[in-house]
Amino acid sequence: MQKNYQLSKILCIEILFQLMLPSKRLFLGIPVIGNHQTELIDFQDRNRNNHNIRWVSAENLHITVHFFGDVPTERVQQLRINLAIVVSKTPSFKLDFNHFQVNPGKSPTMLWAVYNPQESFFNLHKVIAEIAQASGLQKPIIHCTLARFKPKSDDFSFNLSCNIKNPYIEIRQVILYESVLHPAGSIYKELDSFNLL
């Protein structure tokens with residue numbers, strides 16, 4: 001009986017210790033750069049007359065491959081090792097821009113640049129999700145968030161028609177980001193980068 005009590009006590013201490021450990025809010029993303037980034041910024045500029053909107057800054061434009069959420073600090077290094085192994089075996093590919101839209105749902109909260117379905121992206125998404133031991137995943141809508149709407153804001157009007165002259169993104173690298181929450185909006189810190197084949 002005493003032995004079981006001691007084991008339970010040790011287990012409780014270990015659980016409390018884990019809960020007290022610092023963590024990092026992480027996601028794997030594809031940075032949007034170059035000529036395509038410039039065209040997305042031009043689209044933002046043409047729609048800045050809208051109020052109650054927080055526009056995503058140029059340096060934060062990205063396409064999320066997988067959101068890991070809060071990862072205990074002591075597990076981050078192993079995650080980096082696993083990502084390096086998986087990504088290094090993944091051939092580079094292209095994403096092709098399709099259109100602009102607000103995110104699906106009755107109460108939209110974001111403005112997106114949407115890209116055509118791409119099996120190479122879905123395969124990368126799947127293997128990364130397996131690393132994260134995620135389950136019940138569906139193929140995501142490949143998108144880059146351009147703006148977020150402030151709560152209870154529905155007074156907006158966008159010109160979604162746009163002729164993108166540089167619709168392709170060459171995907172040769174993915175970035176492991178830490179998302180740091182801030183009153184003015186999330187700040188993304190690059191923790192590591194991984195090159196595709």
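The values are calculated or read from the model by the stated rules, or taken from the named source; none is laboratory data. This one's a predicted model, so the numbers in the text were calculated from it and none came from an experiment. A quick note on method: Cβ atoms are made from the backbone with ideal geometry, for glycine too, and the neighbour counts reach across all protein chains shown.
Some observations on this one:
- Meets criteria (surrounded by fewer than 16 Cβ atoms within 10 Å (Cβ to Cβ), of a type in the set (A, V, I, L, M), assigned to a loop (DSSP other than H, G, I, E, B) and at pLDDT 90 or above) for ILE85: no
- Residue that is surrounded by the most Cβ atoms within 10 Å (Cβ to Cβ), among those in the range 149-178 that are modelled with pLDDT under 90 and in a strand (DSSP E or B): PHE149
- Pairs, first among the aromatic types (Phe, Trp, Tyr) in the range 42-65, second assigned to a strand (DSSP E or B), C-beta under 9 Å, six or more apart: PHE43/PHE100; PHE43/ALA113; PHE43/LEU146; TRP55/LEU111; TRP55/LEU146; TRP55/ALA147; TRP55/ARG148
- Checked against the criterion of being outside any helix (DSSP H, G or I), over 26 Å from GLU170 (Cα atoms) and touching a helix residue (DSSP H, G or I) at 6+ places or on another chain (Cβ under 7 Å), the candidates LYS24, LYS106 yield just one match: LYS24.
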